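For reference, the structure is listed below as structure tokens.
The values are calculated or read from the model by the stated rules, or taken from the named source; none is laboratory data. Keep in mind it's a predicted model, so treat the numbers as computed, not measured. Here Cβ is always computed from backbone atoms with ideal geometry, including for glycine, and neighbour counts include all displayed protein chains.
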Amino acid sequence: MYQKTAELVMVSRIARVESVKCPHSTARLGRIILGNPCQFLPTRLYNHRSMRVTVKSLAKINVGLRIGPARRDGFHELLTVYQTVGLHDVIHVSVRRGSGIEIRCADPRVPRDRSNTCYRIAERAMPALGAKGRVVIEIDKRLPVQGGMGGASANAVATLLALERVLRKSLNQAEKLRVAAEVGSDLPLFLVGGAVLGVGRGERVFPLPDFPPTACVVLTPEMGVSTPKAFAEWDRKRGLKPSFSGDPDAAPQRRPSTVAATGTESGTDGCIGPYPGGRGSDADDVGKLTALDPSARMKELGHGLSAWLSELHSGAPSVVGRGGRAGNPLLRLVRAGIENDFEQVVFPEYPELGEAKRALLRAGAEYASLSGSGSTVYGLFSSRQAASRAVGRLRKAGWAAQVTATLSRAAYWRRIFDC
């Protein structure tokens, strides 16, 4: 039922994206065919002479996230809206004589072996591109590690795009999406960009209509949240037995991570679950979790998204004019009550993250939420000026706050190659 609902929502309401010139390329981003996320991406090879290519690896936030039933493969069904933002890492890729893959990064938490998403995607991409050589990947880490902003997944996609430029070859889009999904559930969204609906375990992605740029303040507390343990806590509070009986730290092959395999990975990178771990919390949270069964919760969010998309494309005037507070469709969406289910298990476990959300709301955020399973918490603001004022106020209170903005699909692709 959930799958039908989610797909009908997108097939019936998804918007077309106009052709956009891809920077540093003779290719154009073509029109999207309804329900098919593969049609607008650049397919012609890049002409770049340097054997060392630099690209940006842009982050995402989750605007709402519903956790559905556990599947036989150990994953959960998910329904979420991904939105790319301007914060980023920087990835440098070169191909030299020899063989193998070398990862370089100053951050000691980033692994240098096959557990790194960049390593795994290069391992798959080189034979797919018909290329040989020693791949050197340098990661300039600026995004929070274990932060729920998709940093590991974005790093991998940036590596793939850089490899295409270095080798002056290109995979077709279906092949890119296939390779990306093999490495991790969050990767395909970074081959789309902008606002993206994620279904399945998060790897099936559908472009949503672009939102206007929206100011965003990001708080990055000094902690990491284990996604497997968050899923397991979700299941336990619903009286379910985790379907994975092993040690969560022993399953690094299932999560796309540029974080060392310590069992403390975070965000929805990989959308992994359920696994054992985590601690208990208030009885009230149990009531919230059991109020609706997982299928009903997924359906509820699907209906909300359908209503929002209907409003966008009905042609009927908004209750509030374009210059009013309801003029931004992203803010209209979040005011409809869209939530991140992970908050119900993560906030009791990490009270500081709940306080971060409240601090953003006190600072004037129109909406605040955990991103993925955390630990990043973000707030959306009505203007850049309001966001900048909030950052000053939050920093004075001791929060690690920075301002950014959401990116349209075209802006996302421009930023990647603007190095």
Residues of region 94-123 satisfying the condition of being of a type in the set (Lys, Arg) and either part of a loop (DSSP other than H, G, I, E, B) or surrounded by 18 or more Cβ atoms within 10 Å (Cβ to Cβ) (or both): Arg97, Arg109, Arg112, Arg114, Arg120
Test: residue in region 136-149 that is surrounded by fewer than 22 Cβ atoms within 10 Å (Cβ to Cβ) and touching a Ser or Thr at 6+ places or on another chain (Cβ under 6 Å): yes
Output the residues belonging to region 406-419 that are closer than 22 Å to Thr80 by Cα and in a helix (DSSP H, G or I). Arg409, Ala410, Ala411, Tyr412, Trp413
So Ser170 passes all but one of these: (1) closer than 17 Å to Glu203 by Cβ; (2) of a type in the set (Gly, Ala, Ser); (3) not in a helix (DSSP H, G or I). Which condition number does it fail? (1)
Would you pick out the residues in region 220-250 that are in contact with a Ser or Thr (Cβ under 7 Å, 6 or more places away or on another chain), modelled with pLDDT of 85 or more and crowded, with 21+ Cβ neighbours inside 10 Å? Thr220, Ala230
Looking only at region 168-182, how many residues end up being crowded, with 23+ Cβ neighbours inside 10 Å and over 26 Å from His76 (Cβ atoms)? 0
Out of the helices (runs of 4 or more DSSP H) lying entirely within region 287-405, which hold 2 or more residues that are at pLDDT 90 or above? 343-349, 351-362, 384-396
Just wondering, is there one or more residues in region 197-204 that are charged (D, E, K, R), outside the structural domain of Arg97 (by TED's automatic domain parsing) and under 24 Å from His76 (Cβ atoms)? no
Just checking, does region 128-151 include any residue being of a type in the set (A, V, I, L, M, F, W, C), over 22 Å from the mean Cα position of the chain (by Cα) and in a helix (DSSP H, G or I)? yes
Any chance region 110-119 includes a residue that's in contact (Cβ under 8 Å) with a residue 12 or more places away in the chain, out of contact with any helix residue (DSSP H, G or I) (no Cβ under 7 Å at 6 or more places or on another chain) and of a type in the set (Gly, Ala, Ser)? no
Run Ser185 past the list (1) surrounded by fewer than 22 Cβ atoms within 10 Å (Cβ to Cβ); (2) in contact (Cβ under 8 Å) with a residue 60 or more places away in the chain and report the number of the one that doesn't hold. (1)
